[in-house]
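Q: What follows is a structure written as structure tokens; I'll ask about it next.
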Amino acid sequence: MRVAVGADHGGYDLKVAVVAALVENGHDVLDLGAFDASPSDYPDFSLAVAEAVRSGRAERGVLVCGSGVGACVAANKVPGIRASTIHDTFSAHQGVEDDDLNVLCLGARVIGAQLALEVVRTFLGARFSGAERHRRRLDKVEAIEGRFARDEE
Ligand code: RB5
């Protein structure tokens, strides 16, 4: 799978581990930075990863910051992005199966590297169920997005 990955300085070390694991597992990785651990701003990487997913350049995205929170808040501002901060394997697959999650956010200061890699593996291995009730709920989520987009025109 083509996966876009990004991190600020808080997530840099874990991003390096995530990229290495993805490559080792045969994924096509679009590494959108940061490329060192010097201070940076998480919205820059959220935007880059979110745009890659929205445009179809990547099927899924993984973002890492210190807590996983800021990167997630920023990514969700991009229409079509369904990002969540997740540190457990149950949510990593259920978020995709039920909510069609397309961007996973991790907090490098919260989760250990081994569990993080398992969460990433689980997220990428899951598929949206397509069940009618989940589509209906996603339609409502999109309607909220559309309503506020129109208000700002
Ligand atoms: C950076 O210090 C930190 O605020 C950032 O990585 C992230 O945790 C924000 O949510």
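The values are calculated or read from the model by the stated rules, or taken from the named source; none is laboratory data. Please read all numbers here as calculations on a predicted model, not as lab measurements. As a convention, Cβ positions derive from the backbone with ideal geometry for all residues, glycine included, and neighbour counts pool all protein chains shown.
Q: Can you tell me which condition S46 does not meet? The list is (1) assigned to a helix (DSSP H, G or I); (2) away from the ligand (no atom under 12 Å from the Cβ), and all the others hold.
A: Condition (2) is where S46 drops out.
Q: If you go through the range 60-69 one residue at a time, do you hit one that is farther than 21 Å from V29 by Cα, surrounded by fewer than 17 Cβ atoms within 10 Å (Cβ to Cβ) and of a type in the set (S, T, Y)? Lay out the reasoning, then the answer.
A: Keep residues of the range 60-69 that are farther than 21 Å from V29 by Cα, which gives 66-67, 69.
Filter once more, keeping what is surrounded by fewer than 17 Cβ atoms within 10 Å (Cβ to Cβ): 69.
Applying the additional criterion that residues be of a type in the set (S, T, Y) yields none.
Looking for residues that are farther than 21 Å from V29 by Cα, surrounded by fewer than 17 Cβ atoms within 10 Å (Cβ to Cβ) and of a type in the set (S, T, Y), one finds none in the range 60-69, hence no.
Q: I've got another one for you. Filter the range 94-111 for residues that are out of contact with any strand residue (DSSP E or B) (no Cβ under 8 Å at 6 or more places or on another chain), under 23 Å from L138 (Cα atoms) and surrounded by fewer than 22 Cβ atoms within 10 Å (Cβ to Cβ) and give the result.
A: Of the residues in the range 94-111, the ones out of contact with any strand residue (DSSP E or B) (no Cβ under 8 Å at 6 or more places or on another chain) are 94, 96-98, 100, 109-111.
Of the ones still in play, those that are also under 23 Å from L138 (Cα atoms) are 94, 96-98, 100.
Q94, E97, D98, D100, listed by residue number.
Q: Let me ask something else about it. Given the criteria at pLDDT 95 or above, of a type in the set (K, R) and crowded, with 16+ Cβ neighbours inside 10 Å, does R82 qualify? I'd like the intermediate steps shown before the answer.
A: Values: at pLDDT 95 or above: yes; of a type in the set (K, R): yes; crowded, with 16+ Cβ neighbours inside 10 Å: yes.
Criteria met by R82.
Q: Scan the range 1-40 for residues that are more than 22 Å from G112 (Cβ to Cβ), away from the ligand (no atom under 14 Å from the Cβ) and not in a strand (DSSP E or B) and report the count.
A: 5
Q: Which residue out of S46, S40 is of a type in the set (S, T, N, Q), crowded, with 18+ Cβ neighbours inside 10 Å and either more than 17 Å from the chain's Cα centre (by Cα) or within 15 Å of F123 (Cα to Cα) (or both)? Full working, then the answer.
A: Details: S46 fails: either more than 17 Å from the chain's Cα centre (by Cα) or within 15 Å of F123 (Cα to Cα) (or both).
Within the list S46, S40, the selection yields S40.
Q: Going residue by residue through the range 48-60, is there one that turns out to be in contact with an Asp or Glu (Cβ under 7 Å, 6 or more places away or on another chain) and over 22 Å from L138 (Cα atoms)? Even if it seems obvious, please write down each step before you answer.
A: Within the range 48-60, the subset in contact with an Asp or Glu (Cβ under 7 Å, 6 or more places away or on another chain) is none.
Within the range 48-60 (the criterion being in contact with an Asp or Glu (Cβ under 7 Å, 6 or more places away or on another chain) and over 22 Å from L138 (Cα atoms)), the answer is no, since none of the residues qualifies.
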